[in-house]
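S.K.: Quick one: the structure is below, questions incoming.
The values are calculated or read from the model by the stated rules, or taken from the named source; none is laboratory data. Computed from a prediction, not measured in an experiment: that's the story for all the values here. Every residue, glycine as well, gets a Cβ built from its backbone with ideal geometry; the counts of neighbours run over all protein chains shown. Accessible surface areas use protein heavy atoms only, side chains included; no ligands, DNA or RNA. Shrake-Rupley method; radii C 1.70, N 1.55, O 1.52, S 1.80 Å.
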Amino acid sequence: LQQILTCTYEENIGPIQFHKDRQHVYLSTNKGERDLSELVLMDVETGELELVEKDPENEVDFGNAVFHPETEELIATAYVGDKVRVYPQTPEAKKLWTSLEKALPEGQIGVNSSARDMSRMLVSVSSDVDPGSVYLFDTKSGKAELQYRSRPELPSEHLAPMKPVKYEARDGMTIHGYLTLPKGVEHKNLPVVMYIHGGPWARDYWGYEPYAQFLANRGYAVMQVNYRSSTGYGKNYGNAGNREWGIGAMQHDITDAVNWLIEEGVADPAKVGIFGGSYGGYATLAGVTFTPDLYACGVPYVGPSNLITLIESFPEYWKPFLEGTWYRKVGNPEIEADRADLIERSPLFKCDQIKAPLLVVHGATDPRVKQHESDQIVVALRQKDKPVEYIV
């Protein structure tokens, strides 16, 4: 085996498929000067890269490539911006995509599988009010026949629409998110739940979201934020969250979203709650600790309360890659200055500032965020006579 291409731990190279000439391979990569990842062709002899396509809107990383099952020709590319954007690559693919859109209900279309000649295809359609329905599509007749709905009992007509939104953070960076508004009420002065995704190196997407629907059904507006450090928006956006946990820009992005909702007239400033799991649980604890007047309540689910005990609890087999991930992006508890910074960013040590009642939730056998993370903050809050309920 010969090494033909390498990247740093802050970059990625993802092989997708060999070109039909067998001398090139399609890759997705953000290697080198690239901020957003691109679709490229690599010469397997020289390692040389040639651009095939990058996001036409220059907004997000390369998403997906679709190839003809018989000819192996690239027929479509896709990018996940506010919603999924599809770009047919051939006249035949463009015609096929148009007939799919015409035959199927509104939503995001995904090709699950097809006959080798693409005469028939199994396609799925999903949306904010439908987790997915599957159709058999006949390319000759242009007709689609429903096979099944993944959640037939869901009353789609009563579910709340989710809309992509964006706002400007305090330092001028554009932050993307999703707002689900309850049906049947005026969208003014509503109680709001800030629902923060975990990871933090992950992102929220437009589509069916069970928690958002559950809460909207009960009259809450639900705001999901792709705060900096979220994936999909390029290297610079991801690295803008380095060392910014809790009291830095990652948390400010969430605070700024609350203030934006208040300015827009959507949120009742006295009725904003915050909820999330894993990193979202940490952001919940950080929100009620470091901005105690902003939130009426908080629900941290498997949330780290002490960044030092969190990092020190990681399994042995994580150790080799902590240097390029956690130690770089969050901090290394073995370095004195980092340790002091991690203490400063850990809600446990500032929990006397918390005013809002909390419902702390934890899974007893969670391998990533140990139950101790919730135990210790619940004990500390109870000792201070703070209102806290605890579910394990």
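S.K.: Take the Cα atoms of segment 76-232, find their three principal axes, and give me the spread along each one in whole Å, biggest first.
M.R.: Largest first, segment 76-232 extends 51, 37, 26 Å along its Cα principal axes.
S.K.: Suppose R0 equals 25 Å. What FRET efficiency, 1/(1 + (r/R0)^6) with r the Cβ-Cβ distance, do Ile16 and Ser119 give to the nearest 0.05?
M.R.: Values: r = 25 Å, r/R0 = 0.99.
It comes to 0.50.
S.K.: How high is the FRET efficiency from Glu50 to Tyr9, r the C-beta distance, R0 22 Å, rounded to 0.05?
M.R.: Values: r = 25 Å, r/R0 = 1.12.
E between Glu50 and Tyr9, to the nearest 0.05, is 0.35.
S.K.: While we're here: Once you have the Cα-Cα distance between Ala364 and Tyr390, take 0.36 nm times their residue separation minus that, and quote the gain in nm to one decimal.
M.R.: Numbers: separation 26, 0.36 × 26 = 9.36 nm, distance 1.20 nm.
Taking Ala364 through Tyr390 to full extension adds about 8.2 nm, to one decimal.
S.K.: Taking 7 Å along the Cα-to-C-beta vector as the label spot, tell me the Asp293-Thr325 distance in nanometres, rounded to one decimal.
M.R.: It is 3.9 nm.
S.K.: Distance in nm between label sites at Lys102 and Tyr87, each 7 Å beyond Cα in the beta-carbon direction?
M.R.: 2.5 nm
S.K.: For Gln383 and Arg218 in one chain, what is 0.36 nm times their gap in residues minus the Cα-Cα distance, to one decimal in nm? Before the final figure, lay out each step's value.
M.R.: Values: separation 165, 0.36 × 165 = 59.40 nm, distance 3.33 nm.
Extra length from Gln383 to Arg218 when fully extended: 56.1 nm.
S.K.: On each of the three principal axes of the Cα atoms of segment 32-156, give max minus min coordinate, whole Å, ordered largest first.
M.R.: 52, 31, 21
S.K.: Starting from the Kirkwood radius over alpha-carbon pairs of segment 156-294, derive D by Stokes-Einstein at 25 °C in a medium of 0.890 mPa s and give it in µm² s⁻¹. Present the calculation step by step, with values, prior to reporting the outcome.
M.R.: Details: Rh = 14.9 Å.
Rounded to a whole number, D works out at 165 µm²/s.
S.K.: Here's a follow-up. Compute the signed sum of charges (Lys and Arg +1, Asp and Glu -1) over the other residues within less than 12 Å, Cβ to Cβ, of Arg382.
M.R.: Taking every Cβ under 12 Å from that of Arg382, the sum is -1.
S.K.: What is the distance in Å between the Cα centroid of segment 110-169 and that of segment 323-392?
M.R.: That distance is 40 Å.
S.K.: Can you compute the modelled spin-label distance between His372 and Tyr211, with each label point 7 Å from Cα toward Cβ, in nm?
M.R.: 2.5 nm
S.K.: Another question, if that's okay. Calculate the translational D of segment 276-368 in whole µm² s⁻¹ from Stokes-Einstein, where the hydrodynamic radius comes from the Kirkwood formula applied to all Cα pairs, the temperature is 4 °C and the viscosity 1.567 mPa s. Walk me through the numbers on the way to the answer.
M.R.: Working: Rh = 13.9 Å.
Once the numbers are plugged in, D ends up at 93 µm²/s.
S.K.: Taking a probe of 1.4 angstrom, what is the accessible area of Arg339 in Å², to the nearest 10?
M.R.: 90 Å²
S.K.: Tally Lys/Arg at +1 and Asp/Glu at -1 over every other residue whose Cβ is under 15 Å from the Cβ of Glu157; what's the total? Don't skip to the end; give the middle numbers.
M.R.: On the way: positive: Arg149, Arg151, Lys183; negative: Glu106, Asp128, Asp130, Glu153.
That works out to -1.
S.K.: Another question, if that's okay. Let me understand segment 91-171 better: what is its radius of gyration from the alpha carbons, and its Dmax, in angstrom?
M.R.: Gyration radius and largest Cα-Cα distance of segment 91-171: 15.8, 53 Å.
S.K.: Let me ask another. Ignoring any ligand, DNA or RNA, what whole percent of the accessible area of segment 146-223 comes from carbon and sulfur when the probe is 1.4 angstrom?
M.R.: Numbers: 2150 of 4100 Å².
Summing carbon and sulfur atoms, their accessible area is 52 percent of the total for segment 146-223.
S.K.: Got a sec? What order do His158, His187, His19 fall in by accessible area at 1.4 Å, biggest, i.e. largest, first? Mind showing how you got there, number by number?
M.R.: Numbers: His158 125, His187 75, His19 40 Å².
From most accessible down to least: His158, His187, His19.
S.K.: Let me ask something else about it. Given a 1.4 Å probe and heavy atoms of the protein chains only, how would you sort Trp201, Trp97, largest accessible area at the top? Let's see the in-between values first.
M.R.: Values: Trp201 80, Trp97 45 Å².
Result, largest first: Trp201, Trp97.
S.K.: Any idea of Cys297's accessible area? Nearest 10 Å², probe 1.4 Å.
M.R.: Cys297 has an accessible surface of roughly 60 Å² with all protein chains in place.
S.K.: Within 13 Å, Cβ to Cβ, of Pro69, how many net charges do the neighbouring residues add up to if Lys/Arg are +1 and Asp/Glu are -1? Kindly include the intermediate steps, with their values, before the conclusion.
M.R.: Numbers: positive: Lys20, Arg116, Arg120; negative: Glu70, Glu72, Glu73, Asp117.
Surrounding charge for Pro69 is -1.
S.K.: I would also like to ask the following. Given R₀ = 30 Å, what would the calculated FRET efficiency be for Val185 paired with Asn259, taking r from the Cβ atoms and rounding to 0.05? Let's see the in-between values first.
M.R.: Working: r = 22 Å, r/R0 = 0.74.
According to the calculation, E is roughly 0.85.
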